[in-house]
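The values are calculated or read from the model by the stated rules, or taken from the named source; none is laboratory data. Model, not experiment: these values are computed from the prediction. When we count neighbours, we look across all protein chains shown, and the Cβ atoms used for this are built from the backbone with ideal geometry, even at glycine.
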Amino acid sequence: MELTEIEKFCLDAFIINRNADMAYLLSRPKPSNAKPDILHRMAMRWLRSKPVKEYIERQSLAFFTADKTSKLVGKFRSKDSVLSALEAELPVLRGKDRLDALMKIADLQQMKREETQPNEERVHFYLPMPMCEECPNRINLWNGSRNKET
C-alpha cells in the first residue's frame, strides 16, 4: 500500500504535533462520522500500519536529526545543563535506564566538585645541589670560609 501525498502531509504534521486523531481525520478523502473513541482506534490502527510506521521513522530522522544536533551541541556545553536535562528525565526512566542516568548524574556532580575545589597550596622545598670537589663556589658556600675571609 502506497501512501498518498495527503497522507504524507498529514503524517508530517503528526510528527510535529503528535495529534493522531486529527492527522487521520484530515488524511481521509471523505469526512468521518465516527464517534471520538472509534475514530481514535482507527487512527491508531492507521499509525501502526507498516508503510505509515516506515514513513514516520524516515521523516522523524530527517526532521529532527540535523536540527536537534545543532541545538543539542549548543545546549549541552556545560555540566550544569547536562545535569538539569538528566534530572528532568529521571521521572520518566525505569530500570536500567534510570540506574544509568543516576550514575551519570553522580559522575557529573563529582566532576563539578573537583572543579570547584580551590587549588591546593603547595610548599616547595629546595634541596641543596651536590657539589663536586672542583666547584669554585664550594669553598665559599659550604665551608664557611666566606665568613673567615672578612
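Which members of segment 3-22 meet the condition of being surrounded by 15 or more Cβ atoms within 10 Å (Cβ to Cβ) and either of a type in the set (Val, Ile, Thr) or in a loop (DSSP other than H, G, I, E, B) (or both)?
Within segment 3-22, LEU3, ILE15 meet the criteria.
When you scan segment 43-63, do you find a residue that is within 30 Å of ASP107 (Cα to Cα) and at pLDDT below 80, even just one?
No, every residue in segment 43-63 fails to be within 30 Å of ASP107 (Cα to Cα) and at pLDDT below 80.
Testing LEU72 on (1) under 18 Å from the mean Cα position of the chain (by Cα); (2) of a type in the set (A, V, I, L, M); (3) at pLDDT 65 or above, one condition comes back false. Which one is that?
Result: LEU72 fails condition (3) only.
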